[in-house]
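Shown next, in structure tokens, is the structure this report addresses.
The values are calculated or read from the model by the stated rules, or taken from the named source; none is laboratory data. Treat the numbers as computed from the prediction; the structure is a model and nothing was measured. Every residue, glycine among them, receives a Cβ derived from its backbone with ideal geometry; neighbour counts consider all protein chains shown. Just so you know, the surface numbers come from the protein's heavy atoms only, side chains and all, with ligands and any DNA or RNA stripped out. Shrake-Rupley method; radii C 1.70, N 1.55, O 1.52, S 1.80 Å.
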Amino acid sequence: QNNGGDDLSVNGDGPFTFATSLTDGTNYAVSVSVQPTGQLCAVTNGSGKLAGAKVTNVAVACKTLYTVGGTVTGLVGTGLVLTNNGGDDITLDAGGPFTFATKVVDGGAYTVAVKTSPTGPAQTCAVVDGNGNVPGADVTSVIIKCASKVCTTPNENQSGDITCPAGTTVKSIDFASYGTPTGACEAFVASACDAATSMAVVEAACLGNATCSLSATNGVFGDPCVGTFKRLYAQATCE
């Protein structure tokens with residue numbers, strides 16, 4: 001439209017001319033009133049004042065809009081909220097494909113981030129390949145990897161289990177110490193009494209498994225401090 005009216009529908013590339021002529025010296029202001037489906041159009045040289053000649057240099061350039069999305073893996077909690085370019089929030093309660101509602105213009109930037117981490121159980125989610133520019137096609141390559149921290153703390157001569165949430169397995173052992181470790185889950189600290197075999201034994205029993213049982217005994221780990229009552233603290237990441 002021109003000057004807020006004189007609407008002109010355009011259905012293809014090429015020259016355009018508004019039906020209503022303007023007198024010399026009159027201001028003009030061309031704008032997009034309705035965007036075409038699936039595209040975003042911008043006006044350049046769209047405003048000015050007639051100066052004794054027809055105005056023919058107004059340009060309207062249209063670009064195609066594309067979706068941004070990807071896949072969530074390892075999600076077992078609820079309430080995961082993702083954002084794109086600081087907004088367009090999307091809440092996910094299950095793993096699988098996702099797509100943001102707001103499309104991005106061809107060549108435009110996208111930045112996917114975790115706004116709110118899932119709970120029940122609590123998880124930490126990381127974004128992989130979450131930044132870039134739309135390459136003339138829908139973006140489907142963003143990966144959201146969600147992980148759960150699982151701990152066990154059996155005393156000497158007892159057993160403890162590491163059990164991952166359904167659909168996930170142990171991807172890494174973050175901490176393992178048979179001896180006199182201290183602290184709480186996600187904040188364990190080893191002491192001077194620490195069996196050198198701790199990490200190797202726990203990794204061999206748990207990596208790649210959905211669940212594993214660990215026996216906190218000298219027969220399994222060796223005795224790092226004879227005569228001292230010991231315990232096993234272990235923490236795993238499940239994805």
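Structure notes:
- For the chain, the alpha-carbon radius of gyration amounts to 1.73 times the rule-of-thumb value 2.2 N^0.38 Å expected for a compact globular protein.
- Paramagnetic reach from LYS49 in region 1-26 [backbone N under 15 Å; point 7 Å along Cα→Cβ]: 23-26
- Between VAL34 and VAL81, residue separation times 0.36 nm minus the direct Cα-Cα distance comes to 13.8 nm.
- For region 48-117 and region 190-207, distance of Cα centres in Å: 46
- Region 30-71: radius of gyration and largest Cα-Cα distance (Dmax), Å: 15.2, 58
- Its Cα centre serving as origin, region 28-163 has a Cβ charge dipole (Lys and Arg +1, Asp and Glu -1) of approximately 740 debye.
- Sites THR67 and THR20, calculated FRET efficiency, Cβ-Cβ separation with R0 41 Å, nearest 0.05: 0.60
- Projected label distance in nm at LYS115 and ALA166, using a 7 Å step from Cα toward the beta-carbon: 2.8
- Total formal charge among the other residues, if their Cβ is under 13 angstrom from that of ASN209, Lys/Arg +1 and Asp/Glu -1: -2
- Protein accessible area in region 141-227, 1.4 Å probe - carbon and sulfur %: 51
- Per residue, the chain exposes 53 Å² of solvent-accessible protein surface, assessed with a 1.4 angstrom probe and all protein chains in place.
- Per residue, the chain reaches -1500 deg cm²/dmol at 222 nm when only DSSP H runs of four or more residues are counted, each adding -39500 (n - 2.57).
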